[in-house]
Amino acid sequence: MNLIVLEDRDFINPTQVQLTGRRHTHLTTVLNVQAGMRLYVGKLNGYQGLAEVESVDATSVVLNIGSLDQPPPATLPVTLILGLPRPKMLQRTLQTIATMGVEKLCLIQTARVEKSFWQTPLLRPDAVHEQLLLGLEQGKATQLPQVEYHTRFRPFIEDVLPARCHNFRRLIAHPGEYSPPRVDAAAPTLLAVGPEGGFVDKEVRQFEALGFLPVQLGQRILRVETAIPVLLAKLF
Ligand code: SAM
């Protein structure tokens, strides 16, 4: 935990927060915090700064919040369109995209996504929120990625996506005889990444029809959780 992300519900008065549960456990067992210690904190979707530990007991840590006047690191101007991965991979992926500063994630159904994956409790809003927070804490950032769920491919590709394409660089990561991704750190980008089984040819053609350019990362096929940070690093 490189930064403690504070939410409105953490505040017990305008200048103090009370942290319990996972954060209490981490602060007391990993960081071994004591009264008077200073920690780096940030308000969810807001600014960052230092806080001082006021008190520590068996269930909570109380922090005095100083002035939060430092901006978080810039986000990446990217919407990631991702074939829903299996639940375990989903958790790691949510953390990674929050750590790296992805602004928006569209989880989509594709031909090679098992429909049962949509039933996982790990997709419940509180579970997704928790993984994104872990990613923000890791990345010392506060901007929560937006997450959308598109459980049917056809309405997404035919009705939703076309209206979002204008003025966006559009890329689909797909193994094959394509160009590698090119860096353009300022370009608002729509980036499609397949599920663990990849995109089927028809899906690639449908993205291409919307102006998505296929890009490849070399002969080695990467796991989704590896492909995403590699793509983001190469693009931005
Ligand atoms: N067998 C699948 C295929 O050939 O498409 C592998 C899918 S891979 C595990 C999951 C996704 O990561 C792919 O759909 C693609 O978006 C991205 N990916 C992984 N390795 C890649 C590579 N070498 N080039 C381009 N995209 C890659």
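The values are calculated or read from the model by the stated rules, or taken from the named source; none is laboratory data. Quick caveat: nothing in here was measured; it's all calculated off a predicted structure. No Cβ is skipped: glycine too gets one built from the backbone with ideal geometry, and neighbour counts run over all protein chains shown. When the accessible area is computed, the model is the full protein with side chains, heavy atoms only, and any ligands, DNA or RNA have been set aside. Shrake-Rupley method; radii C 1.70, N 1.55, O 1.52, S 1.80 Å.
What strands (runs of 3 or more DSSP E), lying completely within segment 1-95, carry at least 2 residues that are open to solvent by less than 80 Å² (accessible area, probe 1.4 Å) and within 30 Å of Ala111 (Cβ to Cβ)?
In segment 1-95, 76-83 are the strands (runs of 3 or more DSSP E) which contain 2 or more residues that are open to solvent by less than 80 Å² (accessible area, probe 1.4 Å) and within 30 Å of Ala111 (Cβ to Cβ).
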| said: Given the condition near the ligand (Cβ under 9 Å from one of its atoms), in the same structural domain as Cys165 (by TED's automatic domain parsing) and open to solvent by 50 Å² or more (accessible area, probe 1.4 Å), answer yes or no: does some residue in segment 187-198 qualify? | reply: yes
| Neighbours by Cβ (under 6 Å, 6+ apart or cross-chain): first from segment 213-230, more than 16 Å from Leu171 (Cα to Cα); second more than 6 Å from the ligand (Cβ to nearest atom) | Glu225/Met89; Glu225/Arg92; Glu225/Thr93
| Of the residues Ile12, Ile4, Ile81, which single one is at pLDDT 95 or above and under 23 Å from Ile157 (Cα atoms)? | Ile81
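Yes or no, residue by residue, for (1) in contact with a strand residue (DSSP E or B) (Cβ under 8 Å, 6 or more places away or on another chain); (2) open to solvent by 10 Å² or more (accessible area, probe 1.4 Å); (3) within 9 Å of the ligand (Cβ to nearest atom):
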| position | (1), (2), (3) |
| --- | --- |
| Phe168 | yes, yes, no |
| Pro180 | yes, yes, yes |
| Asp201 | no, yes, no |
| Phe212 | yes, no, no |
| Ile221 | no, yes, yes |
| Leu232 | yes, no, no |
